[in-house]
Amino acid sequence: MPTITINGRELTVPDGSTVLQAAHANGIDIPHFCYHEGLSVAGNCRICLVEIEKFPKPAIACNTVVSEGMVISTESEKVQDLRRGVMEFLLVNHPLDCPICDQAGECTLQQYSYQHGSSLTRFEEEKEHGPKRRELGPHVLYDWERCIKCTRCIRFCEELPGTGELGLFLRGVRSEIGTFPGRPLDNPYSGNVVDICPVGALTLPEFRFRSRVWFLTDVPSVCAGCSRGCSINLGVLRNEIYRITPRTNHAVNRWWICDEGRFWARKIREQGETRLQGARGSSDQVVGWSAALDEAAAVLSSAKKRRVRVLASPRATLEETWLLAKLASGPLEGAKVHLPRHERGEDDEILIRKDKAANRLGAELILESLCGGAQDVAELEEALLNGEVDLLVALGPGLAGPVDGEKAPLSAKALARAGQIVAIDAFPSALSEAASIRFAASSWGESSGSVINFAGRVQQMESALTPQGDHRPAYMILAELYDRLSAEPAPAPAMVARSISGDVAALAGINWVDLPASAGQDAEGFDAAVQACRPTGAAAKMIAAGWKL
Amino acid sequence: MEKILTSFIDVEAPHTIEVARAHGVYDGLKKSIGMDRDELIASFKASGLRGRGGAGFPCGVKMSFMPKDPSPQRPSYLICNADESEPGTFKDRVILEKNPHLLIEGMMISSYAMRCSCAFLYIRGEYGHAARVLFEAVEEARKAGFVGKNILGSGWDCDLVVHRGAAAYICGEETALMDSLEGGRGNPRLKPPFPAQAGLYGCPTTINNVETLSCLPYIVEHGPEAFAAIGRNERNTGPKLFAVSGHVKTPGVFELPMGIPLMELIEDVCGGMLRPDKKLKAVIPGGSSVPVLRAEECQDLPLDFDAVAERGSMFGSAAVMVMDETTDMVKVLARISHFYAHESCGQCTPCREGTPWLEKVLQRIARGGGREGDLALLDDMAARMMGTTICPLADAAAMPVRSFVEKFREEFEYYIKHGRSMVSAG
């Protein structure tokens, strides 16, 4: 643990820290463009030059490892002049098209220009010109004129997905980021290059020119795409999600998200026409939510409990699953509970999990504690086919978004043999088609709740959108049913968390109040699971590099 | 002075192994094999031999940074830098084309001393003829047992690979050269790590200039004292190849002792000024990147590392460019700046953006569009480029700008004021 001095402040920092890491860990800002804590060091932007005593010339903070007694100056006259110089050089050929640039407002070049640059330019020559709209791949556009050649995007593709589609072509001021013939930028993580681009050189066609970033409100949320449960921000304006960006969370997704998650909101928006609407009773005489709920409650209370089955969903939140489990273990006591799987593809070594549900572990934990565990869906299928099921109470597979031809957990043939089906779902599926009583639930982004990822990380998401159609949060629908069937009313959603902690031992220590603001919290006893989630191979090396501090 | 590097280049077919061996080439390698490796390196240190590529780092000291017991997993490598591409420099070409076996001998001696298992010769793409000569010479040397397996029956294996570059100035920078040799884009690497720690393919590597390596056989054969006896003083020893170009009667490459006075080189060796009635105006003593010297600064100047540095310039690669009074210094500088703008790899901001900016301002002045404040701008820009980048290319681009503008300021000012050259006006 060497002791160093930065700007007169004596600091003890971990061995092997770079000057930049040591400074940032102690709240001292050193500007940087090419450095990204999740990527290898390139040292090319030169804005992080600092003065170090006994060094013959200024050194870059990102690649200089601290040593005992090092005396560093990050704010001297000389350092500030160097920064002014680098800023001036960076803007020489920059188009300064901030008024129409998507990056404006969150642009490092803008920020440092304000902090470290000059408001005047001495450049009076013709600027270099180049392509303004080059498709690097299906999700990313490149603007040569804005690019500062920091190579973050190149390093990302080499080091995270390991696909290496991007390269630096040509030389000197004509250098450009490009792809190799026949190999466009098309990997499952390609959108991240847009996030890490410090300037407006890389943009998403789907967000390009759609909104100024300062009009967007970032609502912290959790991706519903798979059991990783990446921490994300939903950029919301006028009740629409304009973009999804990763929210740095070292316990879950570090700085990244996959493209499927990034375009989740678009998928929901594009298939909005198909969404389920309203509450539908078993006959045309049942009109409106109250009537349908009354009918469902009547069906539930009159059914023979041994011939009732409950289908939970790994896509429902902890709160929704808890209330469903309360129903199953209370008014419906004796009914068997099942939990389906929604799997596709394979786990990769980075983020993507084949389990395409965000809360499987949470659902399993709750059902284990309240209902003695969930049973396999195959058994339910068989029971349905054998005509042993009078009533199926189900949370559908489309709660978090369109099911897109995903293999249905229960066959249409089996569903047709059920006596009655009461289903809560947001997007249509074989289940909602077969349901006799069906309630339209709000989808992902429209309701709040908690989920536990495959590694035992508990995270909460806030509702980002006000539901516009005729649907209700699944929790509210379940609560209405519960109220009709139970002596005690269901707790308000915000109060459920405490009850869950009381019911589920693994969640007893969760500090629910802090969850939305923090990066989530590990459920007790899941250390081993958390270990297992650490990626291996190239990605692990990269993360280790990023976790130096 | 006895010629060491170019002693037999004027005979018929000097590049063949028969002729070379008849002139004693490979005797040094025979002597060195079996010698204690550390003693060999010590003798190179004692010789005072400094790197001939331009930086002048003591050759033996550099060799001593290499590991004493390289593992088979991380072998040591030698690279010979034959990417001679600094404008004005053409000295190595003589060795490459006329005396390749001396270089191969020097490379093998160096490889032996540093326990290398492979040596690479990286030659600039433009040197097509030299490359063909080298390919042939290496095969001859391999057949004769000087390269390859079990060299001279010693049990030591060391191959020699000749690799042609693709004609980029930046690939003469040692770490960019390594990237290029590995098959990648030639971009200078961050240091640390230094090549002796992690160089080519991440293995310990020493990289030396053609001329430096070609000096080693003489040191082995005649001892470090004999080598050190040549030259001006103990810090500037040995023979040196001078590549003289510009306004002299007989430009060319000349092997002379280190420290020969500049005016002697011009007057006696090169036959004086091209046009005797035109006076000497300026000399660039070490390749286009070093600060220019005015005529009066050229008097009583021994050409070696220390003396030229004391005079405020750099000895560099000893590429001496002589300019008489008819030379338009503004146009010379604009042309030099064009070269560095064209050759900047583009990694570092100050170099990528600064080199073309310098060029644009200078071209504008040369076109007659100079403005007040241009000279201050040039100087300030150049100052901000120096010492702020990964490799010294930005410095190489900045140094001539600062020195030309400082030393020939009146010519620049004339251009800015009158829109034309002071030289042609006179």
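As for region A:351-366, it holds no residue that is surrounded by fewer than 23 Cβ atoms within 10 Å (Cβ to Cβ), modelled with pLDDT under 90 and not basic (Lys, Arg).
Only residues that are surrounded by 19 or more Cβ atoms within 10 Å (Cβ to Cβ) and outside any strand (DSSP E or B) were counted across region A:58-75, and they come to 7. Checked against (1) out of contact with any Cys (no Cβ under 6 Å at 6 or more places or on another chain); (2) over 19 Å from A:Gly117 (Cβ atoms); (3) within 12 Å of chain B (Cβ to nearest Cβ), A:Ile72 passes all but condition (3). Residues in region B:364-374 that are in a helix (DSSP H, G or I) and either within 8 Å of another protein chain (Cβ to nearest Cβ) or surrounded by fewer than 19 Cβ atoms within 10 Å (Cβ to Cβ) (or both): B:Arg364 only.
For region A:139-164, residues that are aromatic (Phe, Trp, Tyr) and in a helix (DSSP H, G or I) total 2. Here region B:331-347 is the region considered, the condition is being over 14 Å from B:Ala396 (Cα atoms) and within 7 Å of chain A (Cβ to nearest Cβ), and the residue that is surrounded by the most Cβ atoms within 10 Å (Cβ to Cβ) is B:Gln347.
Filter region B:242-292 for residues that are among the hydrophobic types (A, V, I, L, M, F, W, C) and without any contact (Cβ under 8 Å) to a residue 40 or more places away in the chain; which is nearest to B:Tyr340 (Cα to Cα)? Looking at residues that are among the hydrophobic types (A, V, I, L, M, F, W, C) and without any contact (Cβ under 8 Å) to a residue 40 or more places away in the chain, I get B:Phe254. A:Ala316 - would you say it is in contact (Cβ under 8 Å) with a residue 12 or more places away in the chain and either surrounded by fewer than 19 Cβ atoms within 10 Å (Cβ to Cβ) or assigned to a helix (DSSP H, G or I) (or both)? Spelling it out, it is not the case that A:Ala316 is in contact (Cβ under 8 Å) with a residue 12 or more places away in the chain and either surrounded by fewer than 19 Cβ atoms within 10 Å (Cβ to Cβ) or assigned to a helix (DSSP H, G or I) (or both). Scanning region A:165-181 for residues that are in a loop (DSSP other than H, G, I, E, B) and more than 12 Å from every other protein chain (Cβ to nearest Cβ) yields a total of 2. Scanning region A:256-272 for residues that are modelled with pLDDT under 95, more than 18 Å from A:Arg208 (Cβ to Cβ) and buried (at least 21 other Cβ atoms within 10 Å of the Cβ) yields a total of 2.
Report yes if B:Met108 is buried (at least 24 other Cβ atoms within 10 Å of the Cβ), touching a Gly at 6+ places or on another chain (Cβ under 8 Å), away from chain A (no Cβ under 14 Å) and outside any strand (DSSP E or B), otherwise no. Spell out how you get there, then give the answer.
Details: buried (at least 24 other Cβ atoms within 10 Å of the Cβ): yes; touching a Gly at 6+ places or on another chain (Cβ under 8 Å): no; away from chain A (no Cβ under 14 Å): yes; outside any strand (DSSP E or B): yes.
Judged against the criteria, B:Met108 is not a match.
Among residues of region A:440-454 that are farther than 15 Å from A:Gly225 by Cα, those with a beta-carbon under 9 Å from a residue that is charged (D, E, K, R) and part of a loop (DSSP other than H, G, I, E, B) at least six positions away or on a different chain give the pairs A:Ala440/A:Arg275; A:Ala440/A:Asp470; A:Ser448/A:Glu462.
Please determine whether any residue of region A:36-56 is modelled with pLDDT of 95 or more, away from every other protein chain (no Cβ under 12 Å), within 33 Å of the chain's Cα centre (by Cα) and part of a helix (DSSP H, G or I). Checking region A:36-56: not a single residue is modelled with pLDDT of 95 or more, away from every other protein chain (no Cβ under 12 Å), within 33 Å of the chain's Cα centre (by Cα) and part of a helix (DSSP H, G or I). Restricting region B:375-417 to residues that are surrounded by 20 or more Cβ atoms within 10 Å (Cβ to Cβ), in a loop (DSSP other than H, G, I, E, B) and of a type outside the set (A, V, I, L, M), the residue that is farthest from the other protein chains (Cβ to nearest Cβ) is B:Phe408.
Put simply, of A:Cys153, A:Cys147 the only residue that is away from chain B (no Cβ under 14 Å), at pLDDT 95 or above and buried (at least 20 other Cβ atoms within 10 Å of the Cβ) is A:Cys153.
Taking strands (runs of 3 or more DSSP E) as the structural unit, those lying wholly within region B:198-246 and holding at least 3 residues that are not β-branched (Val, Ile, Thr) correspond to B:231-233, B:239-246. Listed by position, the helices (runs of 4 or more DSSP H) enclosed by region A:193-307 that each have at least 3 residues that are under 30 Å from A:Glu381 (Cβ atoms) are A:264-270, A:289-302. When A:Leu82, A:Leu136 are screened for being surrounded by 18 or more Cβ atoms within 10 Å (Cβ to Cβ), over 30 Å from B:Arg367 (Cα atoms) and within 13 Å of chain B (Cβ to nearest Cβ), only A:Leu82 passes.
Among the listed residues B:Ala113, B:Ala130, identify the single one that is of a type in the set (A, V, I, L, M, F, W, C) and either over 24 Å from B:Ala42 (Cβ atoms) or surrounded by fewer than 23 Cβ atoms within 10 Å (Cβ to Cβ) (or both).
Going through B:Ala113, B:Ala130 in turn, the sole match is B:Ala130.
Scanning region A:94-132 for residues that are within 12 Å of chain B (Cβ to nearest Cβ), touching a residue at least 12 places away in the same chain (Cβ under 8 Å) and charged (D, E, K, R) yields A:Arg122, A:Lys127, A:Glu128.
The values are calculated or read from the model by the stated rules, or taken from the named source; none is laboratory data. These numbers were taken from a predicted model, which means no experiment stands behind them. A quick note on method: Cβ atoms are made from the backbone with ideal geometry, for glycine too, and the neighbour counts reach across all protein chains shown.
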